[in-house]
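All remarks here apply to the structure that follows.
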Amino acid sequence: MSTKNTNRSRPHQVILVDPHPIVVEALTERLHATNQFEVVASLGDSDRAFFEILERQPDLVIMEIELPGRGATAVAEHIQSRLPATRLAFLTNYITDVFLDLALKIGVAGYALKTDPTNRIINGCLSIINGDQYFSERVLERLEYSPETGEYQVKSQSYLSTLTLRQLQVLRHLVRGESVKEVAKTMTLSERAIESHKYRIMQKLGIHDRVELARFAIREGLMPA
């Protein structure tokens with residue numbers, strides 16, 4: 001049973017995960033200025049963030065989508081399943097359809113851009129805490145809302161949309177130049193599982209050369225060029 005403090009009079013606890021100190025410092029200052037948020041931890045990599053989030057169980061996690069370590073999407077996926085009361089949003093400069101598709105598949109509560117006005121980001125955080133979703137205007141331009149499902153989806157599906165969330169995560173590690181052994185260790189999966197994912201990825205995409213796979217992933221926006 002969770003021992004998390006449920007006193008609603010306290011500020012909402014926030015963990016920031018971003019490798020850029022200037023972003024963390026600026027956002028921390030603005031969040032604290034509202035008197036509604038308290039940044040209880042800030043981390044620059046996904047591995048340390050994973051354990052810190054599990055331990056502290058914050059109300060909100062604001063995370064850069066491009067992080068060293070196991071990766072932001074892997075952390076987000078685990079947090080969504082293990083801490084359903086914790087709300088999670090990506091704050092990034094990356095706005096490709098495949099990144100948005102990844103975020104929607106995970107079910108995050110928000111996707112904001114660092115170029116947004118800070119007051120809009122803060123208001124977005126308040127909306128997320130209150131149970132709503134927040135997407136930047138430029139993000140919303142790429143999405144469409146389905147009244148039937150009550151969910152957003154990407155208007156223009158990438159060629160990578162045929163891949164599962166796990167396959168996309170494996171692919172991101174592989175095109176970074178990591179070996180199957182390294183990917184298995186990072187993702188805490190067996191080497192056999194990674195080989196299986198690798199085979200299925202190449203079969204789905206019709207690509208059987210790792211260099212071409214990397215070029216394709218960059219071209220489709222899965223990796224920064």
Only unsatisfied item for T186, checking (1) among the polar types (S, T, N, Q); (2) open to solvent by less than 50 Å² (accessible area, probe 1.4 Å); (3) more than 20 Å from T96 (Cβ to Cβ); (4) touching a strand residue (DSSP E or B) at 6+ places or on another chain (Cβ under 9 Å), is (4)
Flagged pairs (Cβ under 7 angstrom, 6 or more apart or on separate chains; first in segment 1-24, over 17 Å from A72 (Cα atoms); second modelled with pLDDT of 95 or more and crowded, with 19+ Cβ neighbours inside 10 Å) are P11/F37; H12/F37; H12/D59; H12/L60; Q13/P58; Q13/D59
The residue that is modelled with the lowest pLDDT, considering only those in segment 15-56 that are of a type in the set (G, A, S) and within 15 Å of the chain's Cα centre (by Cα), is S46
The number of residues in segment 159-175 that are small (G, A, S) and either closer than 29 Å to I15 by Cβ or open to solvent by 90 Å² or more (accessible area, probe 1.4 Å) (or both) is 0
Filter segment 45-70 for residues that are more than 18 Å from P117 (Cα to Cα) and in contact with an Asp or Glu (Cβ under 7 Å, 6 or more places away or on another chain); the one that is most open to solvent (accessible area, probe 1.4 Å) is P68
*asked:* Would you confirm whether or not segment 180-191 contains a residue that is of a type outside the set (A, V, I, L, M, F, W, C), under 21 Å from the mean Cα position of the chain (by Cα) and within 17 Å of E66 (Cβ to Cβ)?
replied: yes
Residues of segment 126-152 being over 17 Å from K114 (Cβ atoms), open to solvent by less than 90 Å² (accessible area, probe 1.4 Å), in a strand (DSSP E or B) and not aliphatic (A, V, I, L, M), in sequence order, are E144, S146, Y152
Residue count, segment 141-185, condition under 19 Å from M223 (Cα atoms) and of a type outside the set (S, T, Y), comes to 22
The residue that is nearest to S136 (Cα to Cα), considering only those in segment 96-110 that are without any contact (Cβ under 8 Å) to a residue 60 or more places away in the chain and open to solvent by 10 Å² or more (accessible area, probe 1.4 Å), is L104
Scanning segment 198-225 residue by residue, the ones that are surrounded by 16 or more Cβ atoms within 10 Å (Cβ to Cβ) and of a type in the set (K, R) total 1
Residue check: is E195 assigned to a strand (DSSP E or B) and either modelled with pLDDT of 90 or more or surrounded by 14 or more Cβ atoms within 10 Å (Cβ to Cβ) (or both)? no
Of (1) closer than 23 Å to A89 by Cβ; (2) surrounded by fewer than 13 Cβ atoms within 10 Å (Cβ to Cβ); (3) free of Cβ contacts under 8 Å to residues at least 24 places away in the same chain, S156 fails just (3)
TODO: Would you confirm whether any residue within segment 61-75 is acidic (D, E), free of Cβ contacts under 8 Å to residues at least 60 places away in the same chain and in contact with a strand residue (DSSP E or B) (Cβ under 6 Å, 6 or more places away or on another chain)?
DONE: yes
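The values are calculated or read from the model by the stated rules, or taken from the named source; none is laboratory data. Keep in mind it's a predicted model, so treat the numbers as computed, not measured. As a convention, Cβ positions derive from the backbone with ideal geometry for all residues, glycine included, and neighbour counts pool all protein chains shown. Heads up: the accessible areas ignore ligands, DNA and RNA and are worked out on the full protein's heavy atoms, side chains in. Shrake-Rupley method; radii C 1.70, N 1.55, O 1.52, S 1.80 Å.
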